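Colleague: Here you go, one structure.
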Amino acid sequence: MSGSVVIHKCFNMGVAPYKYVGIWSAPSKAVQEANPNAYNLAMSSRPECCHFSCDHCGTGINNHCIIVDATGMRFAIGTDCLNKLHDVENLSKADADKKAHEKALRKARADKKREEKRHATEVELQRQRDNNDGLTDWELNQKTAQDELLHARKVRRIDAAYFIDALNASGGDFCRDIVRTIENGLMPYGRGRSIVCEIAAKYHSDSKRINSKAAIAELDVAEQKFEEIKEKLA
């Protein structure tokens, strides 16, 4: 009723008409526990008219819709009661504020969820580092795989030393590529096989020509060793 004092139960709502001017929401207890400074900062901005209960119905509230009566006094009511009051101006702004507030709440929940996930991940990674001499499980697996690879290459170099020594002595890009291939567990095939056996035969027979008697004899040895090493690397 415009121009009169409106009493709702025992709550004085001042003199109608009213005008909506803004919304204030109390910070959650979760914020108080997780970040007391942020909680205290949010509470320091609390308008004097906001006292965690609705001035219209007396129900406890977190979201305070602030209205000004005809005399300029401010009151805080819940969002449901705002829609029940008559003679309230500026409700379009109230709708916009409520939507903005709901959006902010959704964002806050999403941010909190992301932060909790990030924190849980950090805790888990630290647990792994404590158990793995400073490495995460992934880093440990990578290191283990790298160590195993280096060990496997070392073993292959020993197993295939007959050919690798000859290839390294011969030099050139082709020979270096073949050495890397053998270290990775593969023996050449086709014409590559023939060339590697010839290089090894000349090297181990100390002959410059593959058709020399010594090189021909060594070629049989090279071909036999090639098959033995190929089977070993398989």
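The values are calculated or read from the model by the stated rules, or taken from the named source; none is laboratory data. Owing to the predicted nature of the structure, the values given are computational and were not obtained by experimental measurement. Please note: Cβ atoms are built from the backbone with ideal geometry, for glycine as well, and neighbour counts cover all protein chains shown.
Colleague: Of all residues in region 207-234, how many are touching a helix residue (DSSP H, G or I) at 6+ places or on another chain (Cβ under 7 Å) and charged (D, E, K, R)?
Modeller: 6
Colleague: Turning to a different aspect of this structure: Using the structure shown, decide if P47 is surrounded by 12 or more Cβ atoms within 10 Å (Cβ to Cβ), at pLDDT below 85, in a loop (DSSP other than H, G, I, E, B) and of a type outside the set (D, E, K, R).
Modeller: no
Colleague: Still on this structure, I have one more. If you check K103, K117, which single one turns out to be in a helix (DSSP H, G or I), free of Cβ contacts under 8 Å to residues at least 12 places away in the same chain, under 30 Å from I67 (Cβ atoms) and under 30 Å from the mean Cα position of the chain (by Cα)?
Modeller: K103
Colleague: Moving on to the next point. Go through A108, A94 for me and flag whichever is among the small types (G, A, S) and without any contact (Cβ under 8 Å) to a residue 12 or more places away in the chain.
Modeller: Result: A108 is the single residue among A108, A94 that is among the small types (G, A, S) and without any contact (Cβ under 8 Å) to a residue 12 or more places away in the chain.
Colleague: For N83, work out the one condition from (1) under 37 Å from the mean Cα position of the chain (by Cα); (2) without any contact (Cβ under 8 Å) to a residue 12 or more places away in the chain it doesn't fulfil.
Modeller: Status for N83: all satisfied but (1).
Colleague: Answer with yes or no whether A96 is exposed (fewer than 14 other Cβ atoms within 10 Å of the Cβ) and touching a helix residue (DSSP H, G or I) at 6+ places or on another chain (Cβ under 8 Å).
Modeller: no
Colleague: Still on this structure: Could you please give the count of residues in region 166-187 that are over 40 Å from the mean Cα position of the chain (by Cα) and farther than 19 Å from E227 by Cβ?
Modeller: Counting residues in region 166-187 that are over 40 Å from the mean Cα position of the chain (by Cα) and farther than 19 Å from E227 by Cβ gives 9.
Colleague: Filtering region 139-156 down to residues that are closer than 17 Å to A234 by Cβ and in contact with a helix residue (DSSP H, G or I) (Cβ under 9 Å, 6 or more places away or on another chain), which residue is surrounded by the most Cβ atoms within 10 Å (Cβ to Cβ)?
Modeller: Among those that are closer than 17 Å to A234 by Cβ and in contact with a helix residue (DSSP H, G or I) (Cβ under 9 Å, 6 or more places away or on another chain), it is R156.
Colleague: Oh, and also: If I filter region 217-226 for residues that are under 30 Å from A145 (Cα atoms), in the same structural domain as E148 (by TED's automatic domain parsing) and under 50 Å from the mean Cα position of the chain (by Cα), do I get at least one hit?
Modeller: Yes.
Colleague: Could you please find all residues in region 51-93 being surrounded by fewer than 17 Cβ atoms within 10 Å (Cβ to Cβ), out of contact with any strand residue (DSSP E or B) (no Cβ under 7 Å at 6 or more places or on another chain), not in a loop (DSSP other than H, G, I, E, B) and not hydroxyl-bearing (S, T, Y)?
Modeller: Hits for region 51-93 are D80, N83, K84.
Colleague: If a residue has to be over 22 Å from V221 (Cβ atoms) and not in a loop (DSSP other than H, G, I, E, B) to count, how many in region 184-196 make the cut?
Modeller: The total comes to 0.
Colleague: Quickly run through region 130-165 and pick out the residues that are aliphatic (A, V, I, L, M), within 28 Å of the chain's Cα centre (by Cα) and in a loop (DSSP other than H, G, I, E, B).
Modeller: Selection gives L135 alone.
Colleague: Quick test for you: out of A110, A145, A104, A100, pick the one residue that is at negative phi and touching a Ser or Thr at 6+ places or on another chain (Cβ under 9 Å).
Modeller: A104
Colleague: Of the residues I199, I216, which single one is among the β-branched types (V, I, T) and free of Cβ contacts under 8 Å to residues at least 24 places away in the same chain?
Modeller: I216
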